[in-house]
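Working notes, structure below.
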Amino acid sequence: MSLRAARPVVVLMGGRSGEREVSLGSGAAVLAALASSGPRAVQPVEITGDGRWRWETGEGNPAEALAALPACAVFFLALHGGEGEDGTLQGLLSACGRTYTGSGVGASALCMDKAATRGVLAEAGLAVAPGVRTSPREWDAHGGAVLDRLQSMEAAGWFVKPNAGGSSLGVRRIVEADELGAAITALLADGEAVLVEALVEGCEASCPVLGNPGGPLRALDPVEIVPSAAGFFDYTEKYDERGGAREIVPPTGLSRATCERLRELALRAHEVTGCAGTSRTDFIVPKTDASEGEPVVLEVNTLPGLTPRSLLPQSAAAGGLGFAELCEELVALAIACEERR
């Protein structure tokens with residue numbers, strides 16, 4: 001596969017989700033990488049906080065922007081969360097016959113829905129933590145029954161998280177059962193569904209995959225994640241340059257056999273969810289002093305971060321794939337998906 005494509009690239013960044021700032025960081029990094037990697041036209045397009053598209057020579061709604069941008073351009077999606085990652089933007093671009101990086105509508109929508117993703121992964125034989133999804137309506141009507149189900153798990157704690165979202169925004173770790181109801185109520189106040197999962201003690205890890213459905217897939221080196229203070233890989237741990245987590249690639253705290261298993265499971269997750277271009281699957285490896293258990297899947301990310309602190313670029317670099325080369329490969333994989341879409 002040639003990593004050099006003469007077609008222009010439009011880097012889409014920003015958006016209206018809570019991950020807007022992360023997206024702007026990813027977009028800036030991608031712009032610089034593609035501009036330095038060869039003779040091609042590269043231009044940024046920022047989606048503003050109110051959904052307008054701002055390009056080099058104008059600003060308008062999405063239809064106006066697409067009319068002004070080159071029809072042959074590859075849209076590099078440096079967006080995270082919300083309508084930039086949940087299939088909404090992918091549907092617009094697909095309907096307009098535009099080429100874009102990352103997964104299509106189906107895989108994007110599926111992987112943004114954590115509870116639905118759990119079901120697909122479990123059916124495929126991958127381990128997931130015990131969990132319960134609840135909505136504001138269900139909680140109002142049957143909150144006591146939901147709490148009973150959660151407390152019957154006899155877990156050491158729980159993670160309360162938005163069912164749709166990324167960068168660990170809004171995630172709370174709860175260790176006392178009497179605090180669980182308040183945490184769920186607070187998160188449900190946003191009007192969106194919540195997923196509550198039993199805490200699994202162990203080592204956090206993440207494994208990226210590159211490739212398209214029906215084509216060759218390759219798993220990159222897993223990344224071992226060692227939080228510094230929060231006890232889990234929350235937003236600050238991910239993006240704080242000074243006080244964030246340590247990310248170790250290749251892992252030093254996991255056995256070679258477990259690292260290989262993480263690759264196998266990441267490939268399987270990428271495949272069964274229908275991801276294209278790239279994905280990054282996050283895990284907990286249950287671990288004691290004497291052994292490592294079967295990795296438990298936390299979620300599948302269809303548009304992993306591309307900031308200097310992000311896991312996908314670190315993993316690629318450890319395998320000898322520089323950041324500019326990674327971006328070029330994602331463009332090439334998008335072009336290879338054109339006929340399928």
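Couple of notes before you dig in:
- When Gly51 is tested against (1) under 25 Å from the mean Cα position of the chain (by Cα); (2) within 23 Å of Asn212 (Cβ to Cβ); (3) part of a loop (DSSP other than H, G, I, E, B), just one condition goes unmet, and that condition is (2).
- If you go through the range 289-333 and keep only what is in contact with a Gly (Cβ under 6 Å, 6 or more places away or on another chain) and under 18 Å from Ala32 (Cα atoms), you end up with Thr307, Leu330.
- Considering residues of the range 285-312 that are in a loop (DSSP other than H, G, I, E, B) and touching a Leu at 6+ places or on another chain (Cβ under 8 Å) only, the residue farthest from Ser26 (Cα to Cα): Pro295
- Options Pro222, Pro162: the member that is surrounded by fewer than 23 Cβ atoms within 10 Å (Cβ to Cβ), closer than 30 Å to Gly277 by Cβ and not hydrophobic (A, V, I, L, M, F, W, C): Pro162
- Filtering the range 129-155 to residues that are surrounded by fewer than 20 Cβ atoms within 10 Å (Cβ to Cβ) and β-branched (Val, Ile, Thr) leaves only Val132.
- Residue that is surrounded by the most Cβ atoms within 10 Å (Cβ to Cβ) [pool: residues in the range 286-297 that are at pLDDT 95 or above and hydrophobic (A, V, I, L, M, F, W, C)]: Val297
- Contact map, the range 49-72: first residue under 18 Å from Gly27 (Cα atoms), second residue assigned to a helix (DSSP H, G or I) and charged (D, E, K, R), Cβ cut-off under 9 Å, separation 6 or more or different chains; pairs are Gly49/Arg20; Gly51/Glu83; Trp53/Glu64.
The values are calculated or read from the model by the stated rules, or taken from the named source; none is laboratory data. Computed from a prediction, not measured in an experiment: that's the story for all the values here. Neighbour counts are summed over all protein chains in view; Cβ atoms, including those assigned to glycine, are modelled from backbone coordinates with ideal geometry.
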